[in-house]
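**Q** Can you keep this structure in mind? I'll have questions shortly.
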Amino acid sequence: MKTDLVINGGGMVGAALALALARQGMGVALIDKQPPHISDSLDPRVSAISEGALRYLQGLGVELPQGHCQPYRQLDVADGKALCQFRASDIGAEQLGVFIENSRLQQAIWQALPETVTLIQAQARQFQHGEDGVSLTLDNGQVIAARLAIGADGAQSWLRGQAGIGLTGWDYRQRCLLVAVKTQGQLPDITWQQFTPTGPRAWLPMVDNQAVLAWYDDAATIKALEKLGPQELAQAAKGAYPAQLGDIEVIKAGSFALTRRHAQRYGQNGVWLVGDAAHTINPLAGQGVNLGFRDVQALAPLLLDAFAKGQPWWSESVLAAYERARRPHNLLMQSMMDACYKGFSNSHPLLAGLRGLAINGVAKLAPARRQVLKYAAGL
Ligand SMILES: Cc1cc2nc3c(=O)[nH]c(=O)nc-3n(C[C@H](O)[C@H](O)[C@H](O)COP(=O)(O)OP(=O)(O)OC[C@H]3O[C@@H](n4cnc5c(N)ncnc54)[C@H](O)[C@@H]3O)c2cc1C
């Protein structure tokens, strides 16, 4: 088949881009090796979707499954005795965002796709780039020809490799264990994060008396925790988290390596990158997919503007405008997360003192608090 643009990877970011472009009449083929997998019990792979990203998605016609969205209105950040509370009301917003399982948000975006999007469940096996555009040969034998290919196939992007786009980055020493738990009652709409010298600990309230614990530590500790049975893990969490969490029952747990990656170019040889295919970030502030949505917010209007004017929307100048809009911001966010990672995962007394001063300082300074909050909420 022949179409304008082919997107490899229909995760939250690739599907949002397909939606934004197809709504304005661009021909889009969206390839994913699997449909969103919705499980009966709470999946610990959840994301904090910022208010800014939510408004964008709703503007594209995405209907969020309200019964699975837990709004959060406050963010409590603690280090030792220092505590800073960020409230939605500080910036005149009703909420800072919602927590939702990744698969449920992906499904909601898929459901909003117009029929003009050709959704293909397959895996690409071959990629070719020539003067007329690109072609992808899929494992079902189908060949998709398009002007441009978008790599939205996640951190291990196959298409990025086919285009010969290199990466800079490194692995963090910490790993993150996500634990979906049942709680005794509904936790308040506050997300709580405590920094410790071995890594942050956080909980994210979820709907129906549930929560997800995010527990960062060195890889050996996290691997050992992951091997525990549900009751032993609940017991270990009780020892590591404050008493306000109450009694918990473990539903499911899984751990994730933490890697910072940044593509050396956002496009080359007929492939442009969005989302985790272009950049991954330390998840300690829950910004990863929100950066991907910002990529979409920057790229879609650039493509659509040139498309509507009959100009070559696949040209180097459009790519350069996209990269100018997004690279500095993604880099800044990666660096800010690294500063938190390095500054907080440390027991040096001088740094501990500085951290306390910084947290107390932000807590007392309303304009500074508002600035941090607006940035985090994407407003
Ligand atoms: C521990 C942890 C916690 C996190 N918490 C948050 C958070 O709170 N907030 C936040 O904003 N972000 C968070 N993130 C980051 C977030 O999960 C990612 O940024 C987000 O999933 C990226 O979305 P994506 O669509 O770019 O890629 P992905 O979600 O990886 O989607 C890629 C899609 O491509 C498909 N695919 C892959 N390869 C192929 C192929 N060869 N052919 C066809 N299809 C293919 C996959 O099936 C998938 O559907 C967290 C990450 C981690 C590790």
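The values are calculated or read from the model by the stated rules, or taken from the named source; none is laboratory data. Note that the structure is predicted; figures quoted are calculated from it, not measured. Using ideal geometry, Cβ is built from the backbone for each residue, glycine included, and neighbour counts are taken over all protein chains shown. The accessibility values were calculated without ligands, DNA or RNA, using every heavy atom of the protein model including side chains. Shrake-Rupley method; radii C 1.70, N 1.55, O 1.52, S 1.80 Å.
**Q** Go through Ala214, Ala82, Val98 and say which Cα lies farthest out towards the positive end of the charge dipole of the chain; charges sit on Cβ, +1 for Lys and Arg, -1 for Asp and Glu.
**A** Most positive-ward Cα: Ala82.
**Q** Gain in length, Lys2 to Gln123, computed as 0.36 nm per residue apart minus the alpha-carbon separation, to one decimal in nm?
**A** On the way: separation 121, 0.36 × 121 = 43.56 nm, distance 1.73 nm.
The span from Lys2 to Gln123 would gain 41.8 nm if fully extended.
**Q** Excluding Arg73 itself, calculate the net charge of residues whose Cβ lies under 12 Å from the Cβ of Arg73, where each Lys or Arg counts +1 and each Asp or Glu counts -1. Display every interim value, and only then the final one.
**A** Working: positive: Arg87; negative: Glu51, Asp76, Asp90, Glu94, Asp189.
Spelling it out: positives minus negatives among the neighbours equals -4.
**Q** Give a quick list of GluC sites (Glu not before Pro) in region 96-181 that DSSP marks as loop, anything other than H, G, I, E or B, with at most 11 other Cβ atoms within 10 Å.
**A** Numbers: sites: Glu101, Glu115, Glu131; in loops: Glu115, Glu131.
Those satisfying the criteria are Glu115, Glu131.
**Q** Among DSSP beta bridges lying fully in region 1-124, give the percent that are antiparallel, nearest 5.
**A** Numbers: 14 of 23 bridges.
Around 60 percent antiparallel, to the nearest 5.
**Q** Determine the dipole magnitude for region 1-139: charges of +1 sit on the beta-carbon of Lys and Arg, -1 on that of Asp and Glu, nothing else is charged, the reference point is the Cα centre, and the result goes in debye to the nearest 20.
**A** Values: 10 positive and 15 negative charges, 22 e Å.
Magnitude of the dipole: close to 100 debye.
**Q** For the chain, max minus min Cα coordinate along each principal axis, in Å, sorted largest first?
**A** Result, largest extent first: 61, 42, 38 Å.
**Q** Quick one: putting +1 on the C-beta of Lys and Arg, -1 on the C-beta of Asp and Glu, what dipole do you get for region 154-256 around its Cα centre, in Debye to the nearest 20? Mind showing how you got there, number by number?
**A** Details: 9 positive and 9 negative charges, 55 e Å.
So the dipole magnitude of region 154-256 works out to roughly 260 debye.
**Q** For a quick check, take a GNM of the chain with Cα springs below 10 Å and name the residue from Gly27, Gly141, Gly199 with the largest mean-square fluctuation.
**A** Evaluated over the chain, the most mobile residue of the options is Gly141.
**Q** In addition: Give the accessible surface of the chain per residue, rounded to a whole number of Å², with probe radius 1.4 Å and ligands, DNA and RNA excluded.
**A** On the way: 16610 Å² over 379 residues.
With the other protein chains kept in place, the chain gives 44 Å² per residue.
**Q** If you don't mind, another one. So if each residue of separation counts as 0.36 nm, and I subtract the Cα-Cα distance between Ser317 and Arg173, what length gain in nm does that give?
**A** Working: separation 144, 0.36 × 144 = 51.84 nm, distance 3.87 nm.
Full-extension gain reported as 48.0 nm.
**Q** Only Lys, Arg, Asp and Glu count, each charged at its Cβ (+1, +1, -1, -1), so figure out the dipole size of the chain about its Cα centre, rounded to 20 debye.
**A** Details: 34 positive and 31 negative charges, 187 e Å.
Here the chain has a charge dipole of around 900 debye.
**Q** When a/c reaches 1.5 or more, the comparison of a/b and b/c decides; with that in mind, is region 261-306 rounded, prolate or oblate per its Cα gyration tensor?
**A** Numbers: a/c = 4.02, a/b = 1.44, b/c = 2.79.
Cα axes put region 261-306 in the oblate bin.
**Q** Please sort through the DSSP H helices of the chain and keep those with an alpha-carbon extent of at least 27 Å along the long axis and a Kyte-Doolittle average not below 0.5.
**A** Membrane-span-like by this rule: 288-308.
**Q** For His329 and Gln264, compute 0.36 nm times the residue count separating them, minus their Cα-Cα distance, and round to one decimal in nm. Numbers along the way, then the final one.
**A** On the way: separation 65, 0.36 × 65 = 23.40 nm, distance 1.47 nm.
Answer, rounded to one decimal: 21.9 nm.
**Q** Counting DSSP beta bridges in the chain, what percent are antiparallel, to the nearest 5? Can you show the working numbers first?
**A** Working: 60 of 83 bridges.
Looking only at bridges with both residues in the chain, the antiparallel portion is about 70 percent.
**Q** Which residue, Ala108, Ala298, Ala243, has the most motion in a Gaussian network model of the chain that connects Cα atoms within less than 10 Å?
**A** Between Ala108, Ala298, Ala243, it is Ala243 that shows the largest mean-square fluctuation.
**Q** Additional query: Separation of region 152-178 and region 295-314 by C-alpha centroid, Å?
**A** First find each Cα centre; the distance between them is then 26 Å.
**Q** Follow-up question, since we're still on this one. So which residue, out of Gly286, Gly61, Gly166, gets the largest mean-square fluctuation from a GNM of the chain using Cα contacts under 10 Å as springs?
**A** In this elastic network of the chain, the residue with the biggest mean-square fluctuation among Gly286, Gly61, Gly166 is Gly166.
**Q** I want the antiparallel fraction of DSSP beta bridges within region 75-193, as a percent rounded to 5. Mind showing how you got there, number by number?
**A** Working: 15 of 18 bridges.
Bridges in region 75-193 are about 85 percent antiparallel.
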